[in-house]
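All of the numbers you see were taken from the coordinates with simple rules; none came from a lab. Not measured: the values here are computed from a predicted model. In this analysis, Cβ positions are derived from the backbone assuming ideal geometry, glycine residues included, and neighbour counts consider all displayed protein chains.
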Amino acid sequence: MLAGKEKGKHVELETRLMAVELLALLKRKFTYRELERLTGLSNGMLSRYVTGQRVPRKDHAEKIISNILSKLDIRMLILEKLKESKGYIDLQLILSDILLLKLVALKAKLVFGEAGVNKVLVPEAGGIPLAALVAAKLNADLVIARRRKENPFQYYYEVTLAETPFTSITFYVPQQLLCRGDRVLLVDDLVQSGQTLKALAEIAKKAGAKIVGALALIAVGTNWRRIGIDNVHVVLEIADPSKITSI
C-alpha cells in the first residue's frame, strides 16, 4: 500500500497521463480548433500535450478531463454507430471502434476508480473488448464467464440462465479466478432483461466476492432495473429500440 503522500503523487501523475491519453484519442476524430472549444485550452498548448512535448500540470489535466467528459456526448457517438433491424440491435460498429471504447473505459475509471475493483467479470460475448479496457484502466484482472468448461480438470462456479422457455445458457468461471473478498465490477455490452448481469452476480456471490457495481454500454427498456444489482452505470439507455435508425 502506498503511503498518503506517495498515493497523492501517484493519483496526480495518473490524472495528468489520463488527460494526455484522452487528448491523443480525440485528436484522431477532432481538429485542434474543436478540441480548443471542448477543453477551453489554447490550440498551441493542446498541440504540445498531444505530441508529447509537455505533460499538462494537474489543474490543466483536471480541466481537460472534466470539460471533455461533460461537453462531449458519448451517447451521441454511440448512437451514430448503432443500428437496428427487425428487433435486432447491431453493435458491431461500436465494438470495433477502439476510440469509443477507450472513452467509455475512461468514464468507467472516473465512476468506479475509488471502488477498489480488483476483478472485472464479463460474459463470453461482445462485451469482452470493453471489459478488457475497463480492467486495464482500473488495474484489475479480467475474468470471463465462458459458455463451456475449457479445462475438465478444474473446479468451476456455474450458473444456468434460461434464454427462452426452451433454451438456456450456462456460464462457467474457474474457481481459482474469483476469490472470497474480491471486489467485482460486472460489465456487459448490451443489457435488455438484465438476466445475464444477474447470472454474473450469482457467480460472484458463489465465490464470496463483493459486487461493487455494473457497467453496461447500452440498456434497452426498463426490465433490467428489477434485477436487484446496486450501482449500475449505463452509458446509453434506449426506451424504444425501434426509434433507432434502421439498417
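What number, in percent, do you get for the relative contact order of the range 74-243 if the mean sequence gap of Cα pairs under 8 Å and at least 6 apart is divided by its residue count?
Value for the range 74-243: 19 percent.
Amide H of A145: which non-local residues (sequence gap of 5 or more, or other chain) have their own amide H closer than 5 Å, using H built in the peptide plane?
V122, E124
Would you tally the net charge around K63, using a Cβ to Cβ cut-off of less than 12 Å, leaving K63 out, and scoring K and R as +1, D and E as -1?
Neighbourhood net charge equals +2.
Expressed in nm², what is the orientationally averaged projection area of the convex hull enclosing the Cα positions of the range 23-153?
Working: hull surface 43.2 nm².
Its average projected convex-hull area is 10.8 nm².
If the cut-off is a Cα-Cα distance under 15 Å, which aspartates and glutamates reach K109, setting aside same-chain residues fewer than 8 apart in sequence?
Excluding near neighbours in sequence, the set is E12, E14, E21, E62, D141.
What stretch of the chain, leaving out the sites themselves, is the longest with no GluC sites (Glu not before Pro) in a DSSP loop having at most 16 other Cβ atoms within 10 Å?
On the way: sites that count: E114, E124, E150, E163.
Longest gap between qualifying sites, sites excluded: 1-113.
Between Y88 and F30, how high is the FRET efficiency from 1/(1 + (r/R0)^6) when r is the Cβ-Cβ distance and R₀ = 30 Å? Nearest 0.05.
My answer for the efficiency is 0.45.
Could you tell me what fraction of 2.2 N^0.38 Å the Cα radius of gyration of the range 4-71 comes to, as a two-decimal ratio?
1.08
Among L46, L25, H10, flag the residue with its Cα farthest along the positive direction of the charge dipole of the range 4-71, charges on Cβ as +1 for Lys/Arg and -1 for Asp/Glu.
Of the options given, the answer is L46.
Once the principal axes of the Cα atoms of the chain are found, what is the range along each, listed largest first in whole angstroms?
61, 51, 30
Dipole magnitude of the chain about its Cα centre, charges +1 at Lys/Arg Cβ and -1 at Asp/Glu Cβ only, in debye to the nearest 20?
With Lys and Arg at +1 and Asp and Glu at -1, about 580 debye.
At a Förster distance of 25 Å, what's the computed FRET efficiency of R48 paired with K9, Cβ-Cβ distance as r, to 0.05?
Numbers: r = 23 Å, r/R0 = 0.91.
So, using R0 = 25 Å, E works out to roughly 0.65.
Can you bin the range 101-247 into rounded, prolate or oblate? Criterion: square roots of the alpha carbon gyration tensor eigenvalues sorted a ≥ b ≥ c, rounded for a/c under 1.5, prolate for a/b above b/c, oblate for the rest. If you can, show how the numbers build up before the last one.
Working: a/c = 1.73, a/b = 1.17, b/c = 1.48.
It is oblate, given that a/c is not under 1.5 and a/b is not larger than b/c.
Which value in nm describes the separation of the simple spin-label points at R148 and M76, placed 7 Å from the Cα toward the beta carbon?
Using points 7 Å along Cα→Cβ, the separation is 4.5 nm.
Which of the helices in the chain, when you take each full DSSP H run, stretch at least 18 Å along the axis at their Cα atoms and have an average Kyte-Doolittle score of 1.6 or higher? If you can, show how the numbers build up before the last one.
Details: long enough: 4-27 (35 Å, -0.09); 58-71 (19 Å, -0.56); 98-112 (20 Å, 2.03).
The answer, listed by residue number, is 98-112.
Tell me the label-point distance for the pair Q195, C179, using the 7 Å Cα-to-Cβ offset, in nm and rounded to one decimal.
Here the answer is 3.4 nm between the modelled labels.
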